[in-house]
Amino acid sequence: MGELPLDINIQEPRWDQSTFLGRARHFFTVTDPRNLLLSAAQLETSRNIVQNYRAGVVTPGITEDQLWRAKYVYDSAFHPDTGEKVVLIGRMSAQVPMNMTITGCMLTFYRKTPTVVFWQWVNQSFNAIVNYSNRSGDTPITVRQLGTAYVSATTGAVATALGLKSLTKHLPPLVGRFVPFAAVAAANCINIPLMRQRELQVGIPVADEAGQRLGYSVTAAKQGIFQVVISRICMAIPAMAIPPLIMDTLEKKDFLKRRPWLGAPLQVGLVGFCSINVSKLEPELRAQIHEQNPSVEVVYYNKGL
């Protein structure tokens, strides 16, 4: 068997992203929870394979399937821009088990004030780690900025949850089940812009189709952060809006009434890159791009998670 060719584009996903199946296979692979079980040595091996291949060096004896496996292991544990290893619970591979557990508990323990405060705090602590670990670009964030975003989001989530909880006391029980979703939505509107405020000040990298970095754009940062806020809220709808409807029905049945301890497990069980036209960028950056690459009309940026 000959050496692996160097023309495999591992900068892009393995599967066609213009199809639903291709996108699904890509994200299922990146978020595979089994990657959490990989050792530091295995992660380092994958990083070396990927970085060497990008530098034009093929690891001896490696197959194309092994190269793609290394690429997805690398993507699941390392930041795409800085290359630094992400803390365990902030990795893409941790999203499914962490979100299932936290969301299920928020939806289960929403009746008493102490548990509401505790699980909203846990959720915002997790979100702060995820937001920092998957921030766009290599823009640094200070400890003060990190602390401000964390405290503000946690306060906003808890205040929203407790405020709505008091307002729904005299409403049907089903309405109260949606309080955690409202709190999460409010916190996302606070947490994400604050956590990534540095990007709003200095911008995020924009690149051409070939991946060549052209400069930093505040406009792209604003658009990217807005997209993340909306997508986070929409992503929470299936997990935080549908289970309350199901649980409200199940808890009226004798089966669950006799087994109230099944509530939490049942709740848990139920539970990319963007582009922007050059014409919409800042005048200085637009002029710089036109001077370097007059034919470039669209640039690309990583909006972050």
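The values are calculated or read from the model by the stated rules, or taken from the named source; none is laboratory data. Source: prediction; values computed, not measured. Just the protein is used for accessible areas: all its heavy atoms, side chains included, with ligands, DNA and RNA removed. Shrake-Rupley method; radii C 1.70, N 1.55, O 1.52, S 1.80 Å.
Brief remarks on what is shown
- The alpha-carbon of LYS222 sits under 15 angstrom from the alpha-carbons of these aspartates and glutamates, leaving out residues fewer than 8 places away in its chain: GLU199, GLU282.
- Between THR45 and TRP121, full extension at 0.36 nm per residue minus the direct alpha carbon distance yields a gain of 23.7 nm.
- Its Cα gyration tensor gives the stretch 24-132 an equivalent ellipsoid; the semi-axes, largest first and in whole Å, are 35, 13, 10.
- Accessible surface ranking that places the most exposed of SER166, SER46 first, with a 1.4 angstrom probe: SER166, SER46
- Alpha-carbon centroids, the stretch 152-189 and the stretch 53-129: separation in whole Å: 26 Å
- Using every pair of separate Cα atoms, the Kirkwood estimate puts the hydrodynamic radius of the stretch 30-89 at 11.8 angstrom.
- Extension reserve of the ARG54-LEU36 stretch, reckoned as 0.36 nm per residue once the Cα distance is removed: 4.0 nm
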